[in-house]
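The next block holds one structure in the form of structure tokens; read it before the comments.
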Amino acid sequence: MNPKYSFTFIIGYRHIPDRLKNLRRTIDWVNAFSGSQVIVVEQDEHSKIENLNLRCQHIFVKSEMPYNRSWAFNIGLKYAKSDIIIFGDSDLIMNPNDFINGLKAMNEYEMVSPYHSVVDLTPEESNMDLQSIVNINRPGRGETDNQKINISGGIAIFRRDAILKIGGWSEDFIGWGGEDDFQTIKVKNFLKWSELKARCYHL
């Protein structure tokens, strides 16, 4: 372990112009935490973001196949230099205090989902400063309906030994979706885990 980093935040990415602004904001949000290592794993036929000065470690993997989020996560894991590994989407941010509570919970658990609901932001809200965003008080997904938030989706915090114990992420899934469900089954069956009462915000 490199003691410089208290956690590694891994983002899988395939470029679409509309996603770039959110990616930048998410990277900046993570970089605001002391001791963070940010890794963006880009899958594509050729890199579209390598010269954009994104303030992260950029790893490009050439692929002509449909996007495979799990593959990106597993590649990023090989470059992680901390014992706390976070797998995150390119368009999710949290109240910093709630995120830090998730990190603190790793003293007790092998895996933590640092939130239990997701507030979907409008384009206008996505441009607001972070304090204004966290002051939005309408209920998020997981609070007012029957849609349960997947504990392995969005932002998921693992101890390095725990993610290795369950074999990383299954690369049998392409696109977005099924890999979260499968990972959740593994977490609930084989790891000591917790879901915290907090929100995240979907740009």
Reported set for the range 140-172 where residues are open to solvent by 70 Å² or more (accessible area, probe 1.4 Å) and closer than 20 Å to A105 by Cα is R159, D161, L164, K165
**Item:** Hey, D98 over 14 Å from the mean Cα position of the chain (by Cα) and open to solvent by 50 Å² or more (accessible area, probe 1.4 Å) or not
**Value:** no
Output for Cβ contacts, cut-off 9 Å, separation at least six or different chains, first residue β-branched (V, I, T) in the range 90-108, second open to solvent by 40 Å² or more (accessible area, probe 1.4 Å), reads I93/R25; I93/L130; I93/H202
Looking across the range 149-190 at residues that are without any contact (Cβ under 8 Å) to a residue 40 or more places away in the chain and at positive phi, the single one that is nearest to the chain's Cα centre (by Cα) is G177
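Take the conditions at pLDDT below 95, over 21 Å from G12 (Cβ atoms) and not aliphatic (A, V, I, L, M) and apply them to G142. Does it pass?
Here the answer is yes, as G142 does meet what is asked.
Does K197 qualify as being over 21 Å from I27 (Cα atoms), in contact with an Asp or Glu (Cβ under 6 Å, 6 or more places away or on another chain) and in contact (Cβ under 8 Å) with a residue 40 or more places away in the chain? Quick ask: steps written out before the conclusion?
On the way: over 21 Å from I27 (Cα atoms): yes; in contact with an Asp or Glu (Cβ under 6 Å, 6 or more places away or on another chain): no; in contact (Cβ under 8 Å) with a residue 40 or more places away in the chain: yes.
It is false that K197 is over 21 Å from I27 (Cα atoms), in contact with an Asp or Glu (Cβ under 6 Å, 6 or more places away or on another chain) and in contact (Cβ under 8 Å) with a residue 40 or more places away in the chain.
State the number of residues belonging to the range 7-61 that are in a loop (DSSP other than H, G, I, E, B), in contact (Cβ under 8 Å) with a residue 24 or more places away in the chain and in contact with a strand residue (DSSP E or B) (Cβ under 8 Å, 6 or more places away or on another chain). Show your work before the answer.
First, pick out the residues of the range 7-61 that are in a loop (DSSP other than H, G, I, E, B): 14-16, 32-35, 45-56.
From what's left, in contact (Cβ under 8 Å) with a residue 24 or more places away in the chain: 14-15, 32-35, 48-49, 52, 54-56.
Narrowing further to those that are in contact with a strand residue (DSSP E or B) (Cβ under 8 Å, 6 or more places away or on another chain): 14-15, 33, 35, 48-49, 54-56.
Residues that pass the stated criteria total 9.
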query: Restricting attention to the range 126-148, does a residue exist that is among the acidic types (D, E) and touching a residue at least 60 places away in the same chain (Cβ under 8 Å)?
result: no
Filtering the range 176-203 down to residues that are open to solvent by 20 Å² or more (accessible area, probe 1.4 Å), farther than 28 Å from I133 by Cα and in contact with a Lys or Arg (Cβ under 8 Å, 6 or more places away or on another chain) yields F190
Reported set for the range 125-139 where residues are surrounded by 11 or more Cβ atoms within 10 Å (Cβ to Cβ) and modelled with pLDDT of 95 or more is E125, S126, N127, M128, L130, I133, V134, I136
So, R159, is that one among the charged types (D, E, K, R) and within 21 Å of G35 (Cβ to Cβ) or not? yes
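The values are calculated or read from the model by the stated rules, or taken from the named source; none is laboratory data. A quick note: this is a predicted structure, and the numbers were derived from the prediction, not measured. In this analysis, Cβ positions are derived from the backbone assuming ideal geometry, glycine residues included, and neighbour counts consider all displayed protein chains. With ligands, DNA and RNA removed, areas are computed over all heavy atoms of the protein, side chains included. Shrake-Rupley method; radii C 1.70, N 1.55, O 1.52, S 1.80 Å.
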